Amino acid sequence: NQIQCADEQLGCYLRLNVTDDDGLINSTIFEVGIDNFPPNTTLDIPHNRTNLSSSLITLNASAIDAGSGVNASLFYYRENDVAAWQFACLDFDDTDGYGFNCTWDASLLPDGNDYQVKVYANDSKNNQGANDTHFNITLDRSPPVINLVAPPNNTFSIENITFTFNASDYHSDIANCS
């Protein structure tokens, strides 16, 4: 009776009866499940407004599926809100208990502060869940620029010298000058 079958769980039983020409009968019962709902996915790392200073970036997400189970979590990025989404990396399992993790190789990408990262998961029946997207992610691997104003380079003096300089960084605030 199909009324007893429920979404996202086993518990639907099908009986197959076979009778041959001699009247001998055999039957077997199969248990099946119905999975019509996609996984729920949350992007855990990176957070909104994160500053990333490495070229190899760990991405992390949590994904749950009450039915057939999560098959894969797929991560994408784009440089700004109008750029096309590009594949970053994927993870097929959560065997370590820390969610779905993969490494995004951003070594060929330019520094910028408008990156977006999204993740979505699909389950073993290829139901694709909605994505979770984080915004305003800064990729900044360039060090600050130092400009010596005075004295000129290669200056010699027998007295105390006062250095005048300025420092700038395109994507980050200057934390310390010493």
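Values for this structure:
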quantity	calculated
Restricting the range 80-94 to residues that are part of a loop (DSSP other than H, G, I, E, B) and open to solvent by less than 80 Å² (accessible area, probe 1.4 Å), the residue that is modelled with the lowest pLDDT	Asp94
Checklist (1) small (Gly, Ala, Ser); (2) touching a strand residue (DSSP E or B) at 6+ places or on another chain (Cβ under 8 Å); (3) touching a residue at least 40 places away in the same chain (Cβ under 8 Å) applied to Ser54, failing item	(2)
Residues satisfying the stated conditions in the range 110-125, i.e. open to solvent by 30 Å² or more (accessible area, probe 1.4 Å) and either part of a loop (DSSP other than H, G, I, E, B) or hydrophobic (A, V, I, L, M, F, W, C) (or both)	Pro110, Asp111, Ser124, Lys125
Residue that is farthest from Ala63 (Cα to Cα) [pool: residues in the range 11-40 that are modelled with pLDDT of 85 or more and of a type in the set (Gly, Ala, Ser)]	Gly23
Single match in Phe75, Phe37 (criterion: open to solvent by 30 Å² or more (accessible area, probe 1.4 Å) and either at negative phi or among the aliphatic types (A, V, I, L, M) (or both))	Phe37
Hey, Leu74 more than 30 Å from Cys12 (Cβ to Cβ) and touching a residue at least 12 places away in the same chain (Cβ under 8 Å) or not	no
Close pairs (7 angstrom Cβ cut-off, 6 or more residues apart or separate chains): among the β-branched types (Val, Ile, Thr) in the range 153-178, in a loop (DSSP other than H, G, I, E, B) and surrounded by 10 or more Cβ atoms within 10 Å (Cβ to Cβ) anywhere	Ile161/Pro151; Ile174/Pro144
Of all residues making up the range 126-178, the number that are within 28 Å of Arg49 (Cα to Cα), part of a strand (DSSP E or B) and aromatic (Phe, Trp, Tyr)	1
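The values are calculated or read from the model by the stated rules, or taken from the named source; none is laboratory data. Keep in mind that what you see is a predicted model, and the values were worked out from it rather than measured. We place every Cβ from the backbone using ideal geometry, glycine too, and count neighbours over all the protein chains shown. Side chains are part of the model used for accessible areas, which takes the heavy atoms of the whole protein and leaves out ligands, DNA and RNA. Shrake-Rupley method; radii C 1.70, N 1.55, O 1.52, S 1.80 Å.
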